[in-house]
Amino acid sequence: MAEAHVKMMKMSELAQRSGVGAGTIKHYLREGLLGPQDDVLRTSRNMAYYPEDFVARLQLIKRLQEERFMPLRVIRR
């Protein structure tokens, strides 16, 4: 993380605030749609914290898919 003061949140909070399910978020992470994996703070194998700016990114991806019918490969670019 470039800045130490960035608010981090658990997956459950990220899913609730973004309106995107945890499974979909994990898929987007695997596909590289949310930015570098370095932005995710992993504290154990089953626990990670995500930066607050992922909320806006997730909402944008959702909007592009629903309103513009953009496929993920186009959004990734």
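Over the chain, average the accessible area per residue using a 1.4 Å probe and give it in Å², no decimals.
Dividing the accessible area of the chain by its residue count gives 69 Å².
Normalised by the residues of the chain, what does the relative contact order come to in percent, with Cα pairs under 8 Å and at least six apart?
This gives 36 percent for the chain.
Let's test the formula: R0 of 25 Å, r as the Cβ-Cβ distance of Val74 and Ala48. What FRET efficiency results, to the nearest 0.05?
FRET efficiency, Val74 to Ala48: 0.40.
Residue by residue, what Karplus-based ³J(HN,Hα) values in Hz, rounded to whole numbers, does segment 10-21 have, using 6.51, -1.76 and 1.60 with θ = phi - 60° and x for Gly and Pro?
Ordered by residue, 3J(HN,Hα) equals 6, 4, 4, 5, 4, 5, 5, 5, 8, x, 10, x Hz.
How much length is gained on full extension from Leu41 to Glu13, taking 0.36 nm per residue of separation minus their Cα-Cα distance?
Extra length from Leu41 to Glu13 when fully extended: 8.6 nm.
Quickly estimate the mean residue ellipticity at 222 nm for the chain, helices only: each DSSP H run with n ≥ 4 gives -39500 (n - 2.57), and the total goes over all residues, rounded to 500.
-14500 deg cm²/dmol
Of the heavy-atom accessible surface of the chain (probe 1.4 angstrom), what whole percent is carbon and sulfur?
50 percent
Nearest 10 degrees is fine. How inclined is helix 22-31 to the longest principal axis of the chain, computing both from alpha carbons?
The answer is roughly 80 degrees.
Work out from phi, with θ = phi - 60° and the Karplus expression 6.51 cos²θ - 1.76 cosθ + 1.60, the ³J(HN,Hα) of each residue of segment 47-57, listed in order in whole Hz, and give x for Gly and Pro.
Listing the rounded values in order: 9, 8, 10, 10, x, 4, 5, 5, 4, 5, 5 Hz.
Starting at the first residue of segment 62-77, write each ³J(HN,Hα) from the Karplus equation 6.51 cos²θ - 1.76 cosθ + 1.60 with θ = phi - 60°, in whole Hz, x for Gly and Pro.
Along segment 62-77, the couplings run 4, 5, 4, 5, 7, 8, 10, 6, 7, x, 4, 5, 6, 4, 4, 5 Hz.
Along the Cα→Cβ direction, 7 angstrom out, place labels at Lys26 and Glu67. What is the inter-label distance in nm?
So the two model labels end up 3.0 nm from each other.
What label, among (1) 17, 42, 29, 11; (2) 18, 55, 24, 3; (3) 21, 58, 21, 1, belongs to P(r) over Cα pairs in 10 Å bins from 0, in percent computed from the structure on display?
After the calculation, the listed value that fits is (2).
The values are calculated or read from the model by the stated rules, or taken from the named source; none is laboratory data. The structure displayed is predicted, hence computed values, not measured ones. Because the Cβ atoms are built from the backbone with ideal geometry, glycine has one as well, and the counts that use them run over all protein chains shown. Side chains included, ligands, DNA and RNA excluded: accessible areas come from the protein's heavy atoms. Shrake-Rupley method; radii C 1.70, N 1.55, O 1.52, S 1.80 Å.
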